[in-house]
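The values are calculated or read from the model by the stated rules, or taken from the named source; none is laboratory data. Computed from a prediction, not measured in an experiment: that's the story for all the values here. We place every Cβ from the backbone using ideal geometry, glycine too, and count neighbours over all the protein chains shown. Areas reflect the complete protein model, heavy atoms only, side chains present, ligands, DNA and RNA absent. Shrake-Rupley method; radii C 1.70, N 1.55, O 1.52, S 1.80 Å.
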Amino acid sequence: MRLALIGVFAVLLAACLSRPERPPIPLAENLDLDRFMGDWYVIANIPTPPEKGAHNAVESYQRLGPDKIGVTFSFNEDGFDGERETMTPTGFVTEADNAVWKMQFIWPLRADYRVVHVDQDYRATIIGRQKRDYLWIMAREPNPDEETFERLYRIAAEAGYDTDRIQRVPQRW
C-alpha cells in the first residue's frame with residue numbers, strides 16, 4: 001500500500017511539474033482609475049456560470065476609496081425580457097499595479113481580476129484573469145462598430161485566450 005501511495009504521489013508531482021507555465025497576462029499600462037470608473041457594456045465574454053445567457057449586461061465602477069472600487073454588475077437572465085440580476089462585489093486595487101484587482105463577491109474570498117487592455121480614450125476595455133478562464137470585452141456604448149470588436153477580439157487572442165470560447169453578449173436598449 002505504501003509503495004502504491006508513493007507511486008501515485010510521484011505521478012501527481014510529475015504532472016504538476018510538467019505543466020507549462022503561462023506567461024503573465026498583459027496589463028493595461030498606466031491605468032487611470034478615475035477615467036475607468038462608470039458604466040461599461042459587456043459586448044462579449046467567456047462567461048462565469050451565473051452570467052451564461054446574459055443579455056444587456058452592464059458593469060459599473062465607482063471609487064469608494066483610493067484602492068477600493070464599488071462594482072455593480074447587472075444583466076437580464078436568458079433574454080431581453082428575462083429577470084434582471086444584479087451582483088455587487090467590491091474591487092480591491094493591488095499595490096503592485098492598479099490594473100490588478102482582487103474582486104470580492106463573498107467575504108473573505110477574493111478572485112483575480114485584471115484590466116488587460118483599455119483604449120487611449122477609455123471607450124473600450126478587456127478584463128481577464130491570469131488563468132485565462134474568464135474574459136469580459138466591454139465598451140462605453142452597447143453596440144460598438146464591428147472594427148472595434150474585432151480589434152478587441154485580436155487583443156484577447158494575443159493575450160492567450162481561447163477565442164473559440166468567446167461569446168457575444170446581446171445588447172438592445
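Just need a number here: residues in the range 133-162 that are touching a strand residue (DSSP E or B) at 6+ places or on another chain (Cβ under 9 Å) and either without any contact (Cβ under 8 Å) to a residue 40 or more places away in the chain or open to solvent by less than 20 Å² (accessible area, probe 1.4 Å) (or both). Residues flagged as touching a strand residue (DSSP E or B) at 6+ places or on another chain (Cβ under 9 Å) and either without any contact (Cβ under 8 Å) to a residue 40 or more places away in the chain or open to solvent by less than 20 Å² (accessible area, probe 1.4 Å) (or both) within the range 133-162 amount to 12. Does the range 73-87 contain at least one residue that is of a type in the set (Phe, Trp, Tyr), touching a helix residue (DSSP H, G or I) at 6+ places or on another chain (Cβ under 6 Å) and open to solvent by 10 Å² or more (accessible area, probe 1.4 Å)? No, there is no match, as no residue in the range 73-87 is of a type in the set (Phe, Trp, Tyr), touching a helix residue (DSSP H, G or I) at 6+ places or on another chain (Cβ under 6 Å) and open to solvent by 10 Å² or more (accessible area, probe 1.4 Å).
Determine whether the range 69-89 contains at least one residue that is in a strand (DSSP E or B), modelled with pLDDT of 95 or more, of a type in the set (Phe, Trp, Tyr) and closer than 15 Å to Asp32 by Cα. The answer is no, given that none of the residues of the range 69-89 is in a strand (DSSP E or B), modelled with pLDDT of 95 or more, of a type in the set (Phe, Trp, Tyr) and closer than 15 Å to Asp32 by Cα. Could you list, in sequence order, the residues of the range 90-123 that are crowded, with 16+ Cβ neighbours inside 10 Å, part of a loop (DSSP other than H, G, I, E, B) and of a type in the set (Gly, Ala, Ser)? If the condition is that a residue be crowded, with 16+ Cβ neighbours inside 10 Å, part of a loop (DSSP other than H, G, I, E, B) and of a type in the set (Gly, Ala, Ser), then Ala99 is the only one that fits.
Can Ile43 be described as assigned to a loop (DSSP other than H, G, I, E, B) and either at pLDDT 95 or above or out of contact with any Phe, Trp or Tyr (no Cβ under 6 Å at 6 or more places or on another chain) (or both)?
So Ile43 fails the test.
Is it the case that Val169 is surrounded by 14 or more Cβ atoms within 10 Å (Cβ to Cβ) and more than 20 Å from Pro26 (Cβ to Cβ)? Yes: the conditions hold for Val169. Among the numbered conditions (1) open to solvent by 30 Å² or more (accessible area, probe 1.4 Å); (2) in contact (Cβ under 8 Å) with a residue 24 or more places away in the chain; (3) not in a loop (DSSP other than H, G, I, E, B), the only one that Ile126 does not meet is (1).
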